[in-house]
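Contents: one structure, followed by commentary.
The values are calculated or read from the model by the stated rules, or taken from the named source; none is laboratory data. This is a predicted model, so every value here is computed, not measured. Because the Cβ atoms are built from the backbone with ideal geometry, glycine has one as well, and the counts that use them run over all protein chains shown.
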Amino acid sequence: MRRQNTQAHESLSQAPRTLLHQAQGTKTSSFRSWSRHMTTPENVRTQRLLSILSMGLCDALQDETISHDEAELLLFSPHMMRLCKNIAASKLLLDLIHLGTELHSIKRLVGTDEWNRSLNEIRENARFVLAQSEVTDSQLDSWVDRLLGNDSCRS
């Protein structure tokens, strides 16, 4: 059993390079067009929001209030890695999203202890992204208004 877990862990450690190569090769033209027009403050705001989302997803996964499938739909997917790469997201943010894509496999193949360590690593990396990013004036614009389709309101 120990040997099987070691082999599974070695296999998982190779996955980041494979997914990164896949993400580099695939781009969505409409998103690429939009991301070229994304300003630095919008980029920073997006990365901060995704970092906060990743911490919440880790808490919800640990509390078993959401499934791995739902976490993948919200953030932890190769598709989100490609989108973040297209906006030139920080390597740390890309790495934490990638680790999120591996959570289900880690829990199933390596065990709950390693899964918990991975959740904590995602949280720590997200906190670091937040601590290293500068809050800009544009972040005062309410992203909730945009999300709900009310661009004319400001809070």
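Which of the residues that make up the range 59-112 are among the small types (Gly, Ala, Ser) and out of contact with any Ser or Thr (no Cβ under 7 Å at 6 or more places or on another chain)?
Once the filter is applied, which keeps residues that are among the small types (Gly, Ala, Ser) and out of contact with any Ser or Thr (no Cβ under 7 Å at 6 or more places or on another chain), the range 59-112 yields Ala60, Ser67, Ala71, Ala88, Ala89, Ser90, Ser105, Gly111.
Could you list all residues from the range 52-76 that are among the small types (Gly, Ala, Ser) and either over 13 Å from the mean Cα position of the chain (by Cα) or surrounded by 17 or more Cβ atoms within 10 Å (Cβ to Cβ) (or both)?
Answer for the range 52-76, where residues must be among the small types (Gly, Ala, Ser) and either over 13 Å from the mean Cα position of the chain (by Cα) or surrounded by 17 or more Cβ atoms within 10 Å (Cβ to Cβ) (or both): Ser54, Ala60, Ser67, Ala71.
Do you know which of the residues in the range 98-122 that are within 18 Å of the chain's Cα centre (by Cα) and of a type in the set (Asp, Glu) is surrounded by the fewest Cβ atoms within 10 Å (Cβ to Cβ)?
Glu121
Are any residues in the range 125-143 out of contact with any helix residue (DSSP H, G or I) (no Cβ under 9 Å at 6 or more places or on another chain) and at pLDDT 65 or above, and if so, which ones?
Correct list: Ala131 only.
Which of the residues that make up the range 60-88 are in contact (Cβ under 8 Å) with a residue 60 or more places away in the chain and under 19 Å from Glu121 (Cα atoms)?
Hit for the range 60-88 is Met81, nothing else.
Do any helices (runs of 4 or more DSSP H) entirely within the range 58-117 hold 3 or more residues that are under 17 Å from Val129 (Cβ atoms) and not polar (S, T, N, Q), and if so, which?
Those helices (runs of 4 or more DSSP H) span 78-86, 91-101.
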